[in-house]
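**Q** Provided herewith is a single structure, encoded as structure tokens, for subsequent inquiry.
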Amino acid sequence: MKKIDWNNKYTTIAVYVFLVVAACLLFGAAVDQFDVIWMWIRKIIGFLFPFIYGFVLAYILSPLVRRMETPLRKSGRLSPKACRGLAMAGSYLLVAAALSAFGMVVLPVLVESAAQLVGNVRFYTERLNELVNQLITYIPDETISKEVQTALTQVFNLLYDFIANFLTQVVSIATRVASSVIEVVMGVIISVYMLTDKEKLIAQLKKILSAFLPGRVMDEVLRVAHDSNQKFSGFITGKIIDSTIIGIICAVGMLLFKMPFVALVSLIVGITNVIPYFGPIIGAVPGVILVLIGGDLTQAILFGVFILGLQQFDGNILGPAILGQSTGLSAMWVVFAILLFGGLYGFVGMLIGVPLLAVIFGVLRSIVNALLRRKGMSTDARDYASDQHPIP
């Protein structure tokens, strides 16, 4: 019997052909059964929600734990394990105290404002129609005034439907929150384990990556991970602090001017302020409408001017002081990130879109610079500008 001659060259080609064909068949099957695969992916993500909650909570609390733990370690009076435990206990107690204060002070006023708004929705709608009719009398052109009246009537009808369904939405959200209580509690427990063993978990992840990646690639992965952490933690933490301060200032200003729906409007302004650039506009519009229907036209105009000044203060003084240049993106790319990721993932996309795009740009910048260095070319963008159009 003749022995088979295994030629390394043709064997390698055959293996590659087999792998390519197998990959094509798997890809075709995945496309054909995409609905089934996506259903299983969503089901798996649903099972992992407690871990997602735990990771997010641990990530948010990690800087606070580190700040509390550092002076305890420097004192040298306690063991590292005791320092970590005390820092974690202090962090969780501080968050619990903040949430309790919000629940006892802000939440009742917020519920009262919402109930008042929903209870008097018809009265407020009629009042708005009266204001619209008064404003239209100042428009000389009869054709334009009718078009404006029709458009505003449609807007107020939509607003009426929104407010009328407000309680239903609140009940629905409360039901969903109540049904997620077990997942949230499990998330808190998981976050405790993650914070306790975060150094061990990070070391294990590095160990796994080091086993499969070359040294230079591993160094680049660690650099990108460190840069991503700096951008995300700095931006999100800074935005939360910044928006909390803006919400408090808004509440104080509205109380001084004796405006209606202080808690509700201030909460809207604070939450929407998390979104760069578009946040002030998104928060100001419903705020003006609420002040208008609960107060009068003068208060609504005053509130609009007040919010404009407040957002100028935030954009030029408070925001830069807290955030600094945490992302390094220009204004154009910030708007691009908000529109792109906001369109894909809603409010969460608007929040994480800016630091996420900054990380993507950082990775692309590293790749482009590495390729340019291999060619012996400059990595400074100014060197690629023409003499007629230099970069200022």
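The numbers here are math on the coordinates, done by the rules we state, and not lab data. The model shown is predicted, which means the values in this text are computed figures rather than measured ones. Cβ placement follows ideal geometry from the backbone for every residue including glycine, while neighbour counts extend to all protein chains displayed.
**Q** Which value in nm describes the separation of the simple spin-label points at Leu107 and Leu344, placed 7 Å from the Cα toward the beta carbon?
**A** The modelled label-to-label distance comes out at 3.5 nm.
**Q** While we're looking at this one, here's another question. In nm, to one decimal, how far is the Tyr16 label point from the Ile60 one, both placed 7 Å along Cα→Cβ?
**A** Result for the modelled spin labels: 5.1 nm.
**Q** Next question. Do the alpha carbons of any pairs in Lys81/Lys207; Lys74/Lys200; Lys207/Lys231; Lys74/Lys207; Lys198/Lys231 sit beyond 27 Å of each other, and which pairs?
**A** In this structure, Lys74/Lys207 exceed 27 Å between Cα atoms.
**Q** Roughly what would the spin-label model give for Arg73 and Ile202, points 7 Å off Cα along C-beta, in nm?
**A** Calculated label separation equals 0.9 nm.
**Q** Taking 0.36 nm per residue of separation and subtracting the Cα-Cα distance, what length does fully extending Ser330 through Leu213 add?
**A** Taking 0.36 nm per residue and subtracting the Cα distance, the gain is 38.8 nm.
**Q** If I stretch the segment between Thr298 and Ala96 completely, what's the gain in nm (0.36 nm per residue apart, minus their alpha carbon distance), one decimal?
**A** Stretched fully, the Thr298-Ala96 segment lengthens by 68.7 nm.
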